[in-house]
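Encoded as structure tokens, the structure appears first; notes follow it.
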Amino acid sequence: MKKRTLILLAGAVGIAAAAGFITRSSWMGGSSNAQGPQRPRMVSVELAKAERKSVPVDVDAIGMVTPISSVALKSRLETTIVAVHFEDGAKVNEGDLLFTLDSRQIDAQIEQAEGVLVKDQAQLEGAQRDLRRYNDLVGKGATTQVNVDNARTQSDILTGTIKADQAALDNLKVQKSYTMIRAPFAGRISAANVKIGNFVRPADTAPLAVINQMAPVYVSFAVPQRVLVDLREAMGKGVSGVTATIPGHQRSETGKVAMVENTVDQTTGMVTVRGIMNNENETLWPGTLVATKLVIRVEDSVVVPTVAVQRSQSGNFVFVVKDGAAKVQPVKVDRTAQGMSVILEGLAGDESVVVDGQLLLSDGTRVEARAKKAGA
């Protein structure tokens, strides 16, 4: 009985305490509903503008620099080197003398051929005199027609002999020209593989030196076959272009498409494209791997930073900020390049889009703009 009384007393005390708390709370300002609605939560975000500008439609690829002209110099005679007229790796111009070969044997043969020609010319003059004399005599009846015909035949034979002599002499002069090896075009020459005194011959496999044309040069690269139709249309309009950049450096050269290979590689689905670059400063060196950008055309498009584009099960979207609130805006992305995304549908340009802080947002969330992070 006593225990039951204690329990009832404790309950009464609790009720009284609760009543006192309520009374005190009411006395200190009433219930929480009397304080009014709470301020909506604000999310700090970083914004960027959607821009409408001219954007190139391009394709990136790895290309290789190849010379338009490359020649391996070789001797056309069996003789020796008597002079080398260039420094290894030097820039040469068309017609520059590069090697001089021993020509003494050919000089002697030329003199011999000239002597034979002079001898035959003298014999021809004698035969022509005989022919004129026999013609005079046959008119007077002092000789026969046979003698006249024989004199004419001898004159014709010697005329042909002189032509053969002249041809042999011209051939030797051509052979003599082979003893002076000149640059067929302007470019850069390699190191000389032979020095003064070396014996050379046409059968040698190693060239005397190699000249590569440096300006202009070709840049060859492969692109997917899906861009082939657009590329050919751009080439017809003269709006296509190629930029080649040396990896690790900012130096680059621009040019145009020179040709498209006539066959698509069936194993890779790629087609080879060749661009021609002026390369007046010799920025591109033959054999160098370069980063190429094939510009097919330029379009007026809306672009936003790629970090602004979010992905969901229903597709891509961006948060557009208007009147201080973030709104989910579905978009269709055409392509991305250099940190920017080209928007095909969903934006008209000049909208403010969220580029940082999207994880805290939902449709209708109140936002406030913050300054761009340092170094971003």
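The values are calculated or read from the model by the stated rules, or taken from the named source; none is laboratory data. Because the structure is predicted, anything quoted here is derived from the model rather than measured. In this analysis, Cβ positions are derived from the backbone assuming ideal geometry, glycine residues included, and neighbour counts consider all displayed protein chains. Calculation scope for accessible area: heavy atoms of the full protein, side chains included, ligands and nucleic acids excluded. Shrake-Rupley method; radii C 1.70, N 1.55, O 1.52, S 1.80 Å.
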Discussion item. Anything in segment 70-83 that is part of a loop (DSSP other than H, G, I, E, B) and open to solvent by 40 Å² or more (accessible area, probe 1.4 Å)? List them, or say none.
Written reply: Lys74, Arg76, Glu78
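Collect the residues in segment 251-278 that are aliphatic (A, V, I, L, M), closer than 20 Å to Pro224 by Cβ and outside any loop (DSSP other than H, G, I, E, B), keeping them in residue-number order.
At the first step, the residues of segment 251-278 found to be aliphatic (A, V, I, L, M) are 257-260, 264, 270-271, 273, 276-277.
Imposing the further condition that a residue be closer than 20 Å to Pro224 by Cβ reduces the set to 257-260, 264, 270-271, 273.
Passing the criteria: Val257, Ala258, Met259, Val260, Met270, Val271, Val273.
Specify which of the listed residues (Ile196, Ile181) is in contact (Cβ under 8 Å) with a residue 40 or more places away in the chain and part of a strand (DSSP E or B). So that I can check it myself, show each step before the final result.
On the way: Ile196 fails: part of a strand (DSSP E or B).
Going through Ile196, Ile181 in turn, the sole match is Ile181.
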Worksheet, complete the sentence: Going through segment 279-327 in order, the residues found to be among the hydrophobic types (A, V, I, L, M, F, W, C), open to solvent by 30 Å² or more (accessible area, probe 1.4 Å), outside any loop (DSSP other than H, G, I, E, B) and under 30 Å from Lys91 (Cα atoms) are Leu289, Ala291
Worksheet entry | Residue list for segment 335-357, filter: open to solvent by 50 Å² or more (accessible area, probe 1.4 Å), in a loop (DSSP other than H, G, I, E, B) and of a type in the set (A, V, I, L, M) | Ala348
Worksheet, complete the sentence: Within segment 140-152, restricting to residues that are part of a helix (DSSP H, G or I), in contact with a helix residue (DSSP H, G or I) (Cβ under 9 Å, 6 or more places away or on another chain) and open to solvent by 70 Å² or more (accessible area, probe 1.4 Å), the one that is farthest from Ile106 (Cα to Cα) is Gln145
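Here is a yes/no grid of residues against (1) of a type in the set (Ser, Thr, Tyr); (2) surrounded by 14 or more Cβ atoms within 10 Å (Cβ to Cβ); (3) on the phi > 0 side of the Ramachandran plot; (4) part of a loop (DSSP other than H, G, I, E, B):
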residue: Gln123; (1), (2), (3), (4): no, yes, no, no
residue: Ala167; (1), (2), (3), (4): no, no, no, no
residue: Ala203; (1), (2), (3), (4): no, no, no, yes
residue: Phe221; (1), (2), (3), (4): no, yes, no, no
Worksheet item: Taking only pairs six or more apart or across chains, which ones have beta-carbon atoms under 9 Å, a first residue in segment 155-173 that is closer than 13 Å to Gln109 by Cβ, and a second residue that is among the small types (Gly, Ala, Ser) and open to solvent by 70 Å² or more (accessible area, probe 1.4 Å)?
Response: none
Worksheet item: Could you say which residue among Ala209, Ala244 is touching a Leu at 6+ places or on another chain (Cβ under 8 Å) and closer than 14 Å to Ala72 by Cβ?
Response: Ala209
